[in-house]
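This report concerns only the one structure given below.
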Amino acid sequence: MSRTSNDAPPPLPEPLRVAVADSHTHLDLQAGTVEEGLAKAASVGVTTVVQVGCDVKGSRWAAETAAQYDNVHAAVALHPNEAPRIVLGDPDGWSRQGARAGGGEAALDEALAEIEALAALDHVKAVGETGLDYFRTGPEGMAAQERSFRAHIEIAKRQGKALVIHDREAHADVLRVLREEGAPERTVFHCYSGDAEMARECAAAGYYMSFAGTVTFKNAQPLRDALAVAPLELVLVETDAPYLTPAPYRGRPNAPYLIPLTVRAMAAVRGLDEDAMATALAANTARAFAY
Ligand SMILES: [Zn+2]
Ligand SMILES: [Zn+2]
């Protein structure tokens, strides 16, 4: 009943007239097959997706899936919450791999070497998601997290790929590490969560800001203020599916086919018509990931 309808996939939105890309998704965590997910997305004008890996296994899968489908591009990395688990070990962690390793700095170096090998592949367009997450990782994991973040920045630069940033409650430190290391030419803040002031700082540095379903949430006015001041040519759209389902379906399973809801909300914030918004988003995503 109410539980059943909460778990049910939201209905197909009205199709976009101008096709866009979902710049950040996790197909491996969504219900149904990859073919089904891509077909459903394409039926509403979401014709391209960036599949993001969060550990070695998931990154391998992302690279393989991108090799298999022309309209899937891969990003590979150890998630900011994964790196500390590899170093510290965590029997209850989300990654069996990290738990198995539990092997200190050497295990992290080994995993990073695997990420770099994947990052070199043609179908892999980005290194990420990497960055800092102070929401889920406590003080004991911060050193490993920052070391991993810095290593990913180096890999992105060595391999000439985009960098995809995960920044959760760590804005100042993420910006600081990027400044200290020197950001790659193309850097994307996935699920952008800063305010207008930070958006101006990102814009000055030339960082892309990718907006997720959170921009549709009632309590997200600071995020809409950030979108309003971001240069249009630096704005992307994403689902981060299966998470962050846009309104009015918040709490139900997310998937790339729901991108039109977020595009329409973004167009309203920018005072643009939907087609102009979609045209900009499509061009920006292709430029950010160089596909
Ligand atoms: Zn993330
Ligand atoms: Zn993600």
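Please identify the pairs in which a residue from segment 30-54 that is modelled with pLDDT of 95 or more has its Cβ atom under 9 Å from the Cβ atom of a residue that is acidic (Asp, Glu) and assigned to a strand (DSSP E or B), counting only partners at least 6 apart or on another chain.
ALA41/ASP22; VAL46/ASP22; THR48/ASP22; VAL49/ASP22; VAL50/ASP22; VAL52/GLU129; GLY53/GLU129; CYS54/GLU129
Please return the ranges of strands (runs of 3 or more DSSP E) entirely within segment 109-203 where 1 or more residues are of a type in the set (Ser, Thr, Tyr) and either closer than 23 Å to TYR69 by Cα or in contact with a Gly (Cβ under 6 Å, 6 or more places away or on another chain) (or both). Break it down into steps so the answer makes sense when it comes.
Working: elements: 124-133, 162-168, 187-190.
Strands (runs of 3 or more DSSP E) meeting the threshold: none at all.
Go through LEU223, LEU236 for me and flag whichever is touching a strand residue (DSSP E or B) at 6+ places or on another chain (Cβ under 6 Å) and not acidic (Asp, Glu). Give the steps one after another, and end with the answer.
Working: LEU223 fails: touching a strand residue (DSSP E or B) at 6+ places or on another chain (Cβ under 6 Å).
LEU236 is the lone residue from the list that is touching a strand residue (DSSP E or B) at 6+ places or on another chain (Cβ under 6 Å) and not acidic (Asp, Glu).
Can you confirm whether VAL34 is over 20 Å from ALA288 (Cα atoms) and in contact with a Ser or Thr (Cβ under 7 Å, 6 or more places away or on another chain)?
The answer is yes for VAL34.
It is to be established whether one or more residues within segment 265-282 are of a type in the set (Gly, Ala, Ser) and under 14 Å from the mean Cα position of the chain (by Cα).
Taking every residue of segment 265-282 in turn, none turns out to be of a type in the set (Gly, Ala, Ser) and under 14 Å from the mean Cα position of the chain (by Cα).
Filtering segment 11-39 down to residues that are in a helix (DSSP H, G or I) and within 16 Å of ligand 1 (Cβ to nearest atom), which residue is surrounded by the most Cβ atoms within 10 Å (Cβ to Cβ)?
Among residues in segment 11-39 that are in a helix (DSSP H, G or I) and within 16 Å of ligand 1 (Cβ to nearest atom), the one surrounded by the most Cβ atoms within 10 Å (Cβ to Cβ) is LEU27.
Out of segment 43-85, which residues are away from ligand 1 (no atom under 16 Å from the Cβ) and under 11 Å from ILE115 (Cβ atoms)?
VAL56, ARG60, ALA63
Examine segment 142-156 for a residue that is without any contact (Cβ under 8 Å) to a residue 24 or more places away in the chain and more than 16 Å from ASN81 (Cβ to Cβ), and state whether such a residue exists.
No: zero hits.
How many residues does segment 159-176 hold that are within 16 Å of ligand 1 (Cβ to nearest atom) and surrounded by fewer than 23 Cβ atoms within 10 Å (Cβ to Cβ)?
4
If you take the residues in segment 177-194 that are buried (at least 16 other Cβ atoms within 10 Å of the Cβ), within 18 Å of the chain's Cα centre (by Cα) and not hydrophobic (A, V, I, L, M, F, W, C), which one is nearest to GLU238 (Cα to Cα)?
HIS190
The values are calculated or read from the model by the stated rules, or taken from the named source; none is laboratory data. Please read all numbers here as calculations on a predicted model, not as lab measurements. Every residue, glycine among them, receives a Cβ derived from its backbone with ideal geometry; neighbour counts consider all protein chains shown.
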